[in-house]
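Trainee: Provided herewith is a single structure, encoded as structure tokens, for subsequent inquiry.
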Amino acid sequence: QMFSNNDEAVINKKLPKELLLRIFSFLDVVTLCRCAQVSRAWNVLALDGSNWQRIDLFDFQRDIEGRVVENISKRCGGFLRKLSLRGCLGVGDNALRTFAQNCRNIEVLNLNGCTKITDATCTSLSKFCSKLRHLDLASCTSITNLSLKALSEGCPLLEQLNISWCDQVTKDGIQALVRGCGGLKALFLRGCTQLEDEALKYIGAHCPELVTLNLQTCLQITDDGLITICRGCHKLQSLCASGCSNITDAILNALGQNCPRLRILEVARCSQLTDVGFTTLARNCHELEKMDLEECVQITDSTLIQLSIHCPRLQVLSLSHCELITDDGIRHLGNGACAHDRLEVIELDNCPLITDASLEHLKSCHSLERIELYDCQQITRAGIKRLRTHLPNIKVHAYFAPVTPPPSVGGSRQRFCRCCIIL
């Protein structure tokens, strides 16, 4: 009778409503909805607005329509602080206008992949949601400069904005945004292909609190724009410029001179970067934890030597397609300050000069969790097995050359493929 399907159940008599309400506050959306069907009393408790301060509807993305969001907003009202509608393709501007009107205390809103929304949604948020701090509009491809202007005017507390793949945004939108949202700490601009250096100059001039900046595949960006960021954003900790193929060592020098707190640097496919720039960076940015240097084809063991000496916190390092790296560079890394307790991941795909000797040098990296060795032709199974004896929990991803095919039998030859193993 404890959970009898009526309001006279023992649990309703023994536990005060305040305690039941507290218990319900720890439940997810699905469980709350199930509890709401138990009895009238539980329906009232489960649907109390205080239990709906944080909602993530991603698991229901195929079914959610605008009216559901409207009903949620009416139920939650001013209690709602955090809502994720990531991937809810059926939600449009009208539903979000109702939501903005009802949920004026919203602080975190994720609309990633809600492709039906337009500038009208940002206008609604600007008008009603002045407490908004985090907004994700990634892949909302109808968003234009008008949205950024609206956010600037009505959401002055905005700290984090993701407009990745909103490729209609230009420097004019960025200019309008930063003038009203000078407290921005994180800005994600991946795939905003129209952005030029002028946009970065506005950010550098107006966003001194910026900590995270992602410019992946912003192909028009050059040294001029990024140097302005370095000089104006001294608190920068994470920079992604992968695919910005026009940048040179001047960026690494500017980071080293202006951004000593840098922890994450992603510069994959930036083929003009060299050992000279990374030397300056390593000698000045001692807090580096993650570096993606994939296809930085000019770097040599010299870069690894500098990282091993000056970057004791390094945890993740990608050197894939850095074809000049040799066993000697890995030896220095394995003997470096980060090796014993910090280094967790190292990626060496398509590094043709790497041999089993490198694996021997990495045996002392007790924190190493994963190593990538695809198309490292001189790595053998025996070398990997020896590494595993010292690091039994490590995951090794590697390709091996095919077994030599046997002589033809009966006029035909059996075909052998290269195989991928995960140890």
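The values are calculated or read from the model by the stated rules, or taken from the named source; none is laboratory data. On a predicted model such as this, the values are computed, not experimentally measured, just so you know. Cβ placement follows ideal geometry from the backbone for every residue including glycine, while neighbour counts extend to all protein chains displayed. Please note that ligands, DNA and RNA were not included when accessible areas were found on the heavy atoms of the full protein model with its side chains. Shrake-Rupley method; radii C 1.70, N 1.55, O 1.52, S 1.80 Å.
Trainee: Solvent-accessible area per residue for the chain at a 1.4 Å probe radius, Å²? Before the final figure, lay out the partial values.
Mentor: On the way: 19380 Å² over 423 residues.
With all protein chains present, the chain gives 46 Å² per residue.
Trainee: Could you state the angle between the C-alpha long axis of helix 197-206 and the longest principal axis of the C-alpha atoms of the chain, as a value from 0 to 90 degrees rounded to the nearest 10?
Mentor: The two axes meet at around 60 degrees.
Trainee: Here is a further query. Determine which lysines satisfy two conditions relative to residue 149: a Cα distance under 30 Å, and not lying fewer than 8 residues away in the same chain.
Mentor: Correct list for residue 149: 74, 82, 116, 127, 131, 171, 185, 201, 235.
Trainee: Once the Cβ-Cβ distance between residue 220 and residue 131 is put in as r, and R0 is 45 Å, what FRET efficiency do you end up with, to the nearest 0.05?
Mentor: The computed FRET efficiency comes out at 0.85.
Trainee: Of all the stretches in the chain, which is the longest one without any exposed loop site, taking chymotrypsin sites (Phe, Trp or Tyr not before Pro) in a DSSP loop (any state but H, G, I, E, B) with at most 16 other Cβ atoms within 10 Å?
Mentor: The longest such stretch corresponds to 27-373.
Trainee: Could you state how much accessible area residue 131 has, in square angstrom rounded to the nearest 10, with a 1.4 Å probe and all protein chains kept in place?
Mentor: Residue 131 has an accessible surface of roughly 90 Å² with all protein chains in place.
Trainee: Something else now. Starting from the 7 Å offset along Cα-to-Cβ, what nm value, one decimal, do you get for the label separation of residue 196 and residue 141?
Mentor: Roughly 2.4 nm, to one decimal.
Trainee: For the ranges 311-318, 204-211, what's the packing order if you count other beta-carbon atoms within 10 Å of each residue, average per peptide, and put the highest first?
Mentor: Per-residue mean Cβ counts within 10 Å order the peptides as 311-318, 204-211.
Trainee: Compactness ratio of the chain: Cα Rg over 2.2 N^0.38 Å, N = residue count?
Mentor: It is 1.23.
Trainee: Computed over the Cα atoms of region 220-310, what is the ratio Rg over Rh, Rh following Kirkwood?
Mentor: Dividing the radius of gyration by the Kirkwood radius yields 0.92.
Trainee: Quote the relative contact order of the chain in percent (integer), defining contacts as alpha-carbon pairs under 8 Å separated by 6+ residues.
Mentor: Contact order relative to length: 6 percent.
Trainee: Give the peptides 103-112, 386-395 in descending order of average Cβ contacts within 10 Å, highest first.
Mentor: 103-112, 386-395
Trainee: Determine Rg/Rh for region 242-281; Rg is computed over alpha-carbon atoms and Rh is the Kirkwood hydrodynamic estimate from the same atoms.
Mentor: Radius of gyration over Kirkwood radius for region 242-281 works out to 0.93.
Trainee: Share of the chain's accessible area from carbon and sulfur, percent, 1.4 Å? Before the final figure, lay out each step's value.
Mentor: Working: 9400 of 19380 Å².
Carbon and sulfur: 48 percent of the exposed surface of the chain.
Trainee: Next up: Could you give the length gained by full extension between residue 40 and residue 28, i.e. 0.36 nm per residue of separation minus their alpha carbon distance, to one decimal place?
Mentor: Additional length available on full extension: 2.4 nm.
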